[in-house]
Amino acid sequence: MNVELRANLVALGTIVLREIRRFARIWPQTLLPPGITMVLYFAIFGRLIGNRIGEMGGFSYIEYIVPGLIMMAVITNSYSNVVSSFFSIKFQRSIEELLVSPVSPHVILIGFALGGVCRGLAVGVIVSVLSMFFINLQVHHLGVTVLVVTLTATIFSLGGFINAIFARNFDDISIVPTFVLTPLTYLGGVFYSIDLLPPFWQSISLVNPILHMVNAFRYGILGVSDIRIGVALAFMLVASATLYAVSIRLLRSGRGMRQ
Amino acid sequence: MSSALSIRQLTKTYSNGFQALKGIDLDVAEGDFFALLGPNGAGKSTTIGILSSLVNKSGGTVSVFGHDLDRDPAGLKRCLGVVPQEFNFNQFEKIFDILVTQAGYYGILPKVARERAEYYLHQLGLWDKRDEASRMLSGGMKRRLMIARALIHHPRLLILDEPTAGVDIELRRSMWNFLIELNRQGITIILTTHYLEEAEQLCRNIGIIDHGRIVENTSMRELLKQLHEEVFLLDLQQSLRSLPDLRGYRTQLLDDHTLEVQVEKSRGMNELFRQLAEQGIEVLSLRNKTNRLEELFVSLVESNLHKDPE
């Protein structure tokens, strides 16, 4: 194997391993809270209130919201893993360890993004396992399910990376999750089908990227969706590529890292 | 001897318009122990920042062992180890992990990285602390950890930015010995320090930077030759009530047992001791009033200030 390539692969493995070690070490802050939150959603919205709502999209209400809740956990955790980890090494200046070394910007970006994807998927698995205490979770289309959840985690990991590059203080890393991600997720069809909305609000909802991700994932699990899967997958691929290009450009410029 | 570091017309203007470097030329030979000195804000840290890719240069070229910063940054970084002025490691990570992770960034396989981490932690007296988070270390230990981290990929050029700042005398001297040994093994070392005694003890060549320009770049021996006069303090056996008459020397009695004498290089010390002996004055010990390099440094920086009052 080419020496340069081997060195980059070792560096990539180092970054990913360090990221996994980080979120595993602080599991009470990273892996436990989404489990507890989602169990509360399953119990209160799914069982208690859901039993009174009845069916949605041909499924019981709890079955309908489980895929969306899994995605909500994946989105939040992949984003917050990268934004907090990358901003924290910027804040502590340990990012200089990376900048003085010969690691390429692509390796840095892929390493952090994979760290975010790993946490997103780990949380996704935890929430899925917990959901089995409430429903008989069956996967309608495994390929679509895995592809959608991985692409979603990638998109939000890259989004978290860009946020971390621009962030100057800890407030800056909580603005996007609080004021952008949470509203978009709640309005992204996690708890309802957009068929319930008037036509005008249906059209508006289609602009929300999270709606496409949640519905594509719901298709993978239940086989039903408010949108076309092909369009959703194409959108996610384009979004991943665009965010990757923007992240690399920012990383190369040294914005927020080099003077 | 080949060049370890070659800098040509290096300039840096920060976004606020401050011109930190105004066209620096600097060469450091392979195997050298080089002191880069200058007052605060002179441009030392900017120069080191550019070398270590933490600061973007505005113009000029930099190469380390022939690897150009623009054309082959990865090659340059592999040859270079940097010990920064400020602590910059993850406060929550164990120190052994910090070293192994840093080695991984250089493409060093985990098994080799662990062996090297163990070696340098033993060398720098940190092995017993290997499982502690870096925030638990004392200031001196953190400095040693940064040296270990900078050496983990076996660099050919090591740059230390004030490595002994805030370190006690005993530890400072043990760090000096460690650095001398590294230099003996063939590692080129560039040192910045505010302890000029340190530079004089360790370094063979010296560059002085001020207001973004190199104002002196020569060997330590040549530089010290420029000193025309030295001031010595003589500790005397008996007390003196009045100033002795020492022809050709300017003297001052600091207290009844301490005599300050200004000695011109051309005159030397033998004549001084002859006259003291004639007058029955016994000298117990003798020392420089200030570090020789310090005197020169101050005079060079002051003369540059008059030339460039920015």
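Summary of computed values
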item	result
Among A:L109, A:L196, A:L17: highest mean-square fluctuation, GNM of chain A, C-alpha pairs under 10 Å	A:L196
Electrostatic dipole magnitude of segment A:1-59 [Cβ: Lys, Arg +1; Asp, Glu -1; Cα centre; debye, to 20]	220 debye
Alpha-carbon centroid distance for the pair segment B:237-284 / segment A:71-101, whole angstrom	67 Å
Most fluctuating residue given options A:G143, A:G188, A:G160, as computed from a GNM of chain A linking Cα atoms under 10 Å	A:G143
Cα gyration tensor shape for segment B:229-293, rounded if a/c is under 1.5, else prolate or oblate	oblate
Accessible carbon and sulfur surface of segment A:1-101 relative to its total accessible area, %, 1.4 Å	67 percent
Residues whose placed amide H lies under 5 Å from that of B:N56, excluding near-sequence neighbours	A:Q259
Chain A, relative contact order [Cα under 8 Å, separation at least 6], %	25 percent
Those residues of segment A:225-259 for which accessible area with every protein chain present is at least 40 Å² below the isolated value (1.4 Å probe)	A:R258, A:Q259
Percent RCO, i.e. relative contact order, over segment B:116-266, from Cα pairs under 8 Å lying at least 6 residues apart	14 percent
Accessible surface, per residue, of segment A:3-253 when the full set of protein chains is kept, probe 1.4 Å, Å²	44 Å²
Theoretical ellipticity at 222 nm over the protein assembly as shown - DSSP helices of four or more residues, -39500 (n - 2.57) apiece, nearest 500	-16000 deg cm²/dmol
Segment B:229-293 - accessible surface per residue (Å², probe 1.4 Å)	60 Å²
Net charge, A:V224 excluded, C-beta distance under 11 Å - Lys, Arg +1, Asp, Glu -1	-2
Among the listed pairs B:K12/B:K44; A:K90/B:K77; B:K94/B:K129; B:K44/B:K225; B:K57/B:K77, those beyond 18 Å (Cα-Cα)	A:K90/B:K77; B:K44/B:K225
Accessible carbon and sulfur surface of segment B:3-225 relative to its total accessible area, %, 1.4 Å	47 percent
Separation between Cα centres of segment A:209-225 and segment B:51-70, rounded to whole Å	50 Å
Share of carbon and sulfur in the accessible heavy-atom surface of segment A:136-259 [1.4 Å probe, %]	67 percent
Of A:E63, A:E97, A:E19, the one that fluctuates the most in a GNM where chain A has Cα springs shorter than 10 Å	A:E97
Equivalent ellipsoid semi-axes - Cα gyration tensor, the protein assembly as shown, angstrom	65, 23, 20
For the pair A and B, total buried accessible area rounded to nearest 100 Å², probe 1.4 Å	2600 Å²
Sequence-separation-based contact order of chain B, relative, with Cα cut under 8 Å and 6+ spacing, percent	19 percent
Charge dipole magnitude, Cβ of K and R +1, D and E -1 - segment A:3-253, Cα centre, debye nearest 20	460 debye
Proximal charge balance of B:S239 [Cβ under 13 Å; K/R count +1, D/E count -1]	-3
Residues whose placed amide H lies under 5 Å from that of B:G107, excluding near-sequence neighbours	A:A11
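The values are calculated or read from the model by the stated rules, or taken from the named source; none is laboratory data. Everything numeric in this text was worked out from a predicted model, so none of it was measured. Note that we place each Cβ from the backbone using ideal geometry, even for glycine, and neighbour counts take in every protein chain shown. Only protein heavy atoms, including side chains, enter the accessible area calculation; ligands, DNA and RNA are left aside. Shrake-Rupley method; radii C 1.70, N 1.55, O 1.52, S 1.80 Å.
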